[in-house]
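Right, one structure below, let's go through it.
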Amino acid sequence: MEDRSALKQLIDRDEFNFNDFIGEKTEGLVFDKRTLDNIYTLFKQFNIKYVDYPISSGKESLVFKVEGAKKGIVMKIFKTSTLRFQHINDYIDGDPRFANQRKSRGTLIYVWARKEYANLLECRKFRVRVPEPLAVVNNIILMSYIGERRTPAKKLKDIEESQLQGYFNSAMIEYGKMVEKAKLIHADMSEYNVLCYRKRSYIIDMGQAVSYKHPKAKEFFTRDMVNMKSFAKRNELTLDEIVLPKFPGDTNE
């Protein structure tokens, strides 16, 4: 039977084509027809009822909470027109897991989405606290939602002083597992990429994470540690209570 859902009819009628109104200013667009087709595919596959509310909006992606049949799900959409080619290519080139991927300006965003999905899977395999990846279709990832029904989990940067030390310690423990067990370097670790929920920290935004065999992996690792130590110093947190991660194979104190 032909699918005549409301969303499908709107897509087929090109109701989301705003080119006549915006001229050449396309850098903020997310919902082009290809993206809408991808959303439609995922909505059918996971029996998603509706988009609940936006969680975050950035230059390179939008994140929404969507409501599935039984629970909330996060839908992350990478913008096809604003993701910076050279910026993301630096994290893909040199990663042995993606050495054979064909990469062009048109397809790189899909590689980037698959890379984040693969990084999340690898972390989950080793029980690192990250969102559970559910599906990836081109420039869209579905993953598990972390937070209360109407309010997503806070980021580490927004945690009140009385709870900050505990959540910071938890984040560093999870990062240690990521490095030592999953052999991944986050490469953008900061207080902005840690969610805090029910006394546990979860690491997010894994697209740029690289294998420890990446030629710049140690440089990225050092940058991550500088970021987190700087955050601890600014907030008068102690590092004495936890064992800081070490780069795989590094025996130096």
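A short reminder: the numbers here are calculations on the coordinates, not readings from a lab. Keep in mind that what you see is a predicted model, and the values were worked out from it rather than measured. With ideal geometry, Cβ positions are generated from the backbone for all residues, glycine too; neighbour counts draw on all protein chains shown.
Results, tabulated for the structure shown:
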item: Label-point separation in nm, LYS233 to GLU60, each point 7 Å along Cα→Cβ; result: 2.6 nm
item: Dipole magnitude of region 154-234, debye to nearest 20 (Cβ charges: Lys/Arg +1, Asp/Glu -1, about Cα centre); result: 200 debye
item: Label-point separation, LYS181 to ARG198 (7 Å along Cα→Cβ), nm; result: 1.9 nm
item: Ascending count of other beta-carbon atoms within 10 Å, so fewest first, for SER170, SER201; result: SER170, SER201
item: Magnitude of the charge dipole, region 105-222, Cβ model with Lys/Arg +1 and Asp/Glu -1, debye to 20; result: 380 debye
item: Debye log10 I(q)/I(0) at q = 0.19 Å⁻¹ for region 154-234, Cα point scatterers; result: -0.76
